[in-house]
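A short worksheet on the structure shown next.
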Amino acid sequence: MEPEVFEELMMTLLVGGLVLFMAFIVWDLAKKSRAGRFGTFILFFALGLGVLGFLIKSLVIAGLEGA
């Protein structure tokens, strides 16, 4: 396996795992703080904006590289 392919695969898997772990942390925080439905929605919305920013950055970089 080429190092570039391995790096891309691991980046995708590990960042995906990190996002899932952060979602678990936010869910646990919302549960322990008794945030309610609206508070939990706001917490996940903020996390979702961060993930969306990461995805948009990846798409912009891919577009600039011509891939």
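The values are calculated or read from the model by the stated rules, or taken from the named source; none is laboratory data. For clarity, every value in this text was computed on a predicted model and none was experimentally measured. Here the Cβ is made from the backbone with ideal geometry for all residues, glycine too, and neighbour counts use every protein chain on show.
Points worth noting:
- Residue in segment 2-22 that is at pLDDT below 90 and part of a loop (DSSP other than H, G, I, E, B) present: yes
- Only one of PHE54, PHE41 that is aromatic (Phe, Trp, Tyr), in a helix (DSSP H, G or I) and touching a residue at least 24 places away in the same chain (Cβ under 8 Å): PHE54
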